[in-house]
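In what follows, a single structure is set out as structure tokens and then discussed.
The values are calculated or read from the model by the stated rules, or taken from the named source; none is laboratory data. None of the values given here were measured: they were computed from a predicted structure. Quick reminder, even Gly has a Cβ in these numbers, built from the backbone with ideal geometry, and neighbours come from all protein chains shown.
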Amino acid sequence: MGNPTRRNLLLGLGAGAAALTAAKANGLIPPDAVGLYGCGHTLTYAAQRLLIGNANAREFPPSQISAINHPKDTFPKGDAFQQLKANGFADWKLQIDGLVTTPQTLTLAQLKTHSTSSQITQLICEEGWSYIAQWAGVPLAHILQLAGAKPAARFVVYSAMDEWVDAIDMNDALHPQTIVTHTMNNAPLPVGHGGPLRLRVPRQLGYKSLKFLNKLTLTDSLKGIAGEGSYSWFAGI
Ligand SMILES: Nc1nc2c(c(=O)[nH]1)N[C@H]1C(S)=C(S)[C@@H](COP(=O)(O)O)O[C@H]1N2
Ligand SMILES: [Mo]
């Protein structure tokens, strides 16, 4: 607790208005705090950013990879997904648009030509279960560079074929452990875990690791973007 600003802010977290003032001064206001997110989210975001800083999610040795996974049985309904699957997802596309200089549409094969990063991390569901797996894919930062993220971009809104939508701020988007994952435990990412493509955000709870990823949109605001129901926008762990 050597840092007086940090100490004051942590002390102030219980004090509502004082904390908000301190948080503003320290750049700890979560994106678009006024409007979509209330005071509670602001305090969660500020406290977690202070406590974990920009630390990496913990990584594990291969011996720790879970033998039994817990795939959810939710996958995109309808013919379109089944047809893509029948064709080995050769026609699956990831669209990148919004505040970029060069919008992209990348197939899985094209994505796989880009540099790959691998991690063994834990996916933790808010319901209380978790598993450890190896995930590999293209760092989101690399894709943002490819598309030419404009300086005004503050968030990456990401969408899935089952119509889930979520978003992260640039702090998480550019973090090296945030990867567009196409491979799990050295095999193509199974449908049960969001195959063929999912965004892995290991520094946050499992629901931020969106499965069936097909779109990234860079924005300067989250206004009008619906998150996943009652889930908190920032889910640092
Ligand atoms: N598109 C999409 N992504 C999703 C979900 C979903 O239903 N649809 N469930 C989320 C939740 S709540 C969790 S805990 C994890 C589960 O990941 P798993 O299927 O690999 O266990 O995926 C997350 N990503
Ligand atoms: Mo979850």
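Tell me which residues, restricted to region 125-159, are touching a Gly at 6+ places or on another chain (Cβ under 8 Å), at pLDDT 95 or above and within 13 Å of residue 209 (Cα to Cα).
157
Run down 62, 103 and say which single residue is farther than 30 Å from residue 223 by Cα and at pLDDT 70 or above.
62
If you check every pair at least six apart or on different chains, which have Cβ atoms under 9 Å apart with a residue in region 195-223 that is without any contact (Cβ under 8 Å) to a residue 40 or more places away in the chain and of a type in the set (Lys, Arg) first and a residue that is in a loop (DSSP other than H, G, I, E, B) and within 14 Å of ligand 2 (Cβ to nearest atom) second?
198/209; 198/210; 198/211
For region 111-138, how many residues are within 12 Å of ligand 2 (Cβ to nearest atom) and of a type in the set (Phe, Trp, Tyr)?
The qualifying residues number 2.
Can you tell me how many residues in region 169-202 are under 19 Å from residue 217 (Cβ atoms), surrounded by fewer than 23 Cβ atoms within 10 Å (Cβ to Cβ) and small (Gly, Ala, Ser)?
Of the residues in region 169-202, 0 are under 19 Å from residue 217 (Cβ atoms), surrounded by fewer than 23 Cβ atoms within 10 Å (Cβ to Cβ) and small (Gly, Ala, Ser).
Can you pull out the residues in region 107-149 that are closer than 21 Å to residue 56 by Cα and of a type in the set (Val, Ile, Thr)?
116, 120, 121, 124, 132, 138, 143
Could you pull out the residue among 142, 175 that is within 19 Å of residue 122 (Cβ to Cβ), in the same structural domain as residue 97 (by TED's automatic domain parsing) and either within 16 Å of ligand 2 (Cβ to nearest atom) or out of contact with any strand residue (DSSP E or B) (no Cβ under 6 Å at 6 or more places or on another chain) (or both)?
175
Mind telling me which of the residues 185, 214 ends up being among the polar types (S, T, N, Q), more than 13 Å from the chain's Cα centre (by Cα) and under 20 Å from residue 77 (Cβ atoms)?
Residue meeting the stated conditions: 214.
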